[in-house]
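In what follows, a single structure is set out as structure tokens and then discussed.
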Amino acid sequence: MIYTLCLVLFMVGLYGVLVKKNIIKIVLGLIIMEYAVNLFLIFLGYRIGGVAPIITRGADLVEFTKNSVDPLPQALVLTSIVISLGVIALMVALCIRLYERYGTFDITEMRRLKG
Amino acid sequence: MEILFVLLILMIVGSIIALETKDLLAAVISVGTVGLTCSVAFLFLAAPDIAIVQVVVEVLVLVILIRATINRDTTAISGDREFFGMAVSIVLLFVIFIFGIKVFNDLPQFGQPIIALFSDAPSNTYISRGLKDTGAANIVSSVILDYRAYDTLGEATVLFTAILGALAILRSKARKKQKETGNK
């Protein structure tokens, strides 16, 4: 059920990418899709009643192994979030250049892009 | 975990508002709301490291996006795309949604991760031996900086390349302007 809601969030982002004509809206759709995928990967590693994967002083290691959530999706999503920042900066730079070239954010008016 | 349902519904509503509002600045701020809600959801999912990184990245993304949209005319978008393309998009979304729901049947239930089902999953090694092998109390940082350090190196490379690309795209404009003012 909670996976389905995450998929709905992804679908909202995909709808923005496919249907919207404003190029900033398309970038926003991509950002929303990134959030949905990151959240879904963290959902996959979650354990009901789990603790964060940080060993506190004096904690029992066997007990911790039974209760900790999965640290591997967290580490890789951390990487993914930071990379998404660079990708968004690149996309926004392209948008700014396109606006200066054509004077609009409307992708249907950018006909001269061909060829 | 009813709080997660509430947060996810808030994220979905924020995304729809962001995509449907006319004002670009309002759309960007709505996406900021979605990202910060995502950060709160990470906190409830026992992932404090990601919550912190998400907040920082979200603020930077907002700054970048507001830089792109502010002072630019709100381009009047007249109507939607043509009907045929719209219909194809909606059908495509529907098909992807159906297939996605089918896939969820094969996944383990929410709250029962792979490490609980298979005792020889790699994460179990990280959890049980991380402190002894690397000396880091935070297992996430021991995975990032020790077990999978090459992934982090690749991440730094990708980030560097993306920022370099953005700078190159933005700089050619400045050089052209310099030439134009030189001619005048």
Exercise. For residue A:57, indicate whether it is more than 30 Å from residue B:24 (Cα to Cα), open to solvent by 60 Å² or more (accessible area, probe 1.4 Å) and without any contact (Cβ under 8 Å) to a residue 24 or more places away in the chain.
Key: yes
Residue pairs within 7 Å by beta carbon, gap of at least six or interchain, first lying in the range B:137-150 and more than 7 Å from every other protein chain (Cβ to nearest Cβ), second small (Gly, Ala, Ser), listed first then second, are B:142/B:130; B:142/B:136
Note on the range B:13-26: residues free of Cβ contacts under 8 Å to residues at least 40 places away in the same chain and open to solvent by less than 20 Å² (accessible area, probe 1.4 Å) are B:14, B:15, B:18, B:19
The helices (runs of 4 or more DSSP H) lying entirely within the range A:1-107 that contain at least 2 residues which are farther than 21 Å from residue B:167 by Cα and over 22 Å from the mean Cα position of the chain (by Cα) are A:61-67
If you go through B:98, B:90, B:127, the only one that is at the interface with chain A (Cβ under 7 Å from one of its Cβ atoms) and either open to solvent by less than 50 Å² (accessible area, probe 1.4 Å) or modelled with pLDDT of 85 or more (or both) is B:127
- prompt: Hey, does the range B:38-56 have a residue that's on the phi < 0 side of the Ramachandran plot, more than 7 Å from chain A (Cβ to nearest Cβ), modelled with pLDDT of 90 or more and touching an Asp or Glu at 6+ places or on another chain (Cβ under 9 Å)?
  reply: yes
(request) Could you check, for the range B:37-57, whether at least one of its residues is open to solvent by less than 40 Å² (accessible area, probe 1.4 Å) and more than 24 Å from residue A:71 (Cβ to Cβ)? (result) no
Residues of the range B:130-156 being crowded, with 16+ Cβ neighbours inside 10 Å, modelled with pLDDT of 85 or more and small (Gly, Ala, Ser), in sequence order, are B:141, B:142
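The values are calculated or read from the model by the stated rules, or taken from the named source; none is laboratory data. Just so it is clear, the model here is predicted, and its values are computed rather than measured. Every residue, glycine among them, receives a Cβ derived from its backbone with ideal geometry; neighbour counts consider all protein chains shown. Please note that ligands, DNA and RNA were not included when accessible areas were found on the heavy atoms of the full protein model with its side chains. Shrake-Rupley method; radii C 1.70, N 1.55, O 1.52, S 1.80 Å.
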